[in-house]
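Report on the following structure.
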Amino acid sequence: MSTTTEKPTGPATSTRERILDIALELFTEQGYDKTSLRDIAERLGTTKAALYYHFKSKSDILLELHLRLHALGQGVLDELSALETGPEKAAAWPHLLDRFITEVAANRPLMQLHQRNQSAVEALHDSERHRAANDDIEAQFRRLLRSPDIPKETRVRMACSIGAVMAGLLTAEMFDDIPDDELTGLVRSSVWEMFGEA
């Protein structure tokens, strides 16, 4: 996968990341349910038993890929959390969201994975690890969008801008007649218009 999030380095991690990248390809190409651990091992050029060193099950692989999606917005949230006042956060939002759009666009295969395997991804929601990651991100967004020192109009605009990114890029198959770069540019300009910065 091409991602802007940092990946650890080292031989074991390299193999782990290759497993995830291959699984991402296969889950997207033929579906999670129709992909076996043997399929992943064969494309990797190893044995099914060797995969168990890195992942206990196929669902663990899917969960790890799902958490990559969670990681995309974490940098933006961390930077917002570092700002002290609501007005500072509101002023920084359009520029941080612009970076988020770039990260999401660069990780289009993750979006396709989620679109094409919705029932399998839904089944992950019972995972304790998924709940913890999801609850943390949602709690950070809730705190931001409830900040009393950010004008209500700005808070609503911030929420709507996230929706615009998700609708424009996460449902990209609706716009498969538009080249990726052009679609990203259209989403970016639509979001910036919300903040009067187009």
Hey, among the residues in the range 138-150 that are surrounded by fewer than 16 Cβ atoms within 10 Å (Cβ to Cβ) and aliphatic (A, V, I, L, M), which one's farthest from residue 75 (Cα to Cα)?
145
Residues that are closer than 30 Å to residue 35 by Cα and not assigned by TED's automatic domain parsing to the domain that holds residue 34: find the helices (runs of 4 or more DSSP H) completely inside the range 46-115 holding 1 or more of those.
58-82, 86-106
Does residue 161 satisfy the condition of being out of contact with any Asp or Glu (no Cβ under 8 Å at 6 or more places or on another chain) and either surrounded by 13 or more Cβ atoms within 10 Å (Cβ to Cβ) or aromatic (Phe, Trp, Tyr) (or both)?
yes
Just one listed residue, out of 155, 146, is under 30 Å from residue 183 (Cα atoms), in contact with a Lys or Arg (Cβ under 9 Å, 6 or more places away or on another chain) and not assigned by TED's automatic domain parsing to the domain that holds residue 34, and it is 155
When the range 112-121 is examined, which residues are found to be under 14 Å from residue 25 (Cβ atoms) and not charged (D, E, K, R)?
112, 113, 117
Return the total of residues in the range 59-74 being touching a residue at least 60 places away in the same chain (Cβ under 8 Å) and farther than 14 Å from residue 137 by Cα.
3
Within the range 99-132, of all residues that are hydrophobic (A, V, I, L, M, F, W, C) and over 12 Å from the mean Cα position of the chain (by Cα), the one surrounded by the most Cβ atoms within 10 Å (Cβ to Cβ) is 121
Have a look at 49, 23 and point out the one that is of a type in the set (A, V, I, L, M) and within 24 Å of the chain's Cα centre (by Cα).
23
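The values are calculated or read from the model by the stated rules, or taken from the named source; none is laboratory data. Remember, it's a predicted structure, so these values are computed and weren't measured experimentally. Note that each Cβ is placed from the backbone with ideal geometry, even for glycine, and that neighbours are counted across all protein chains shown.
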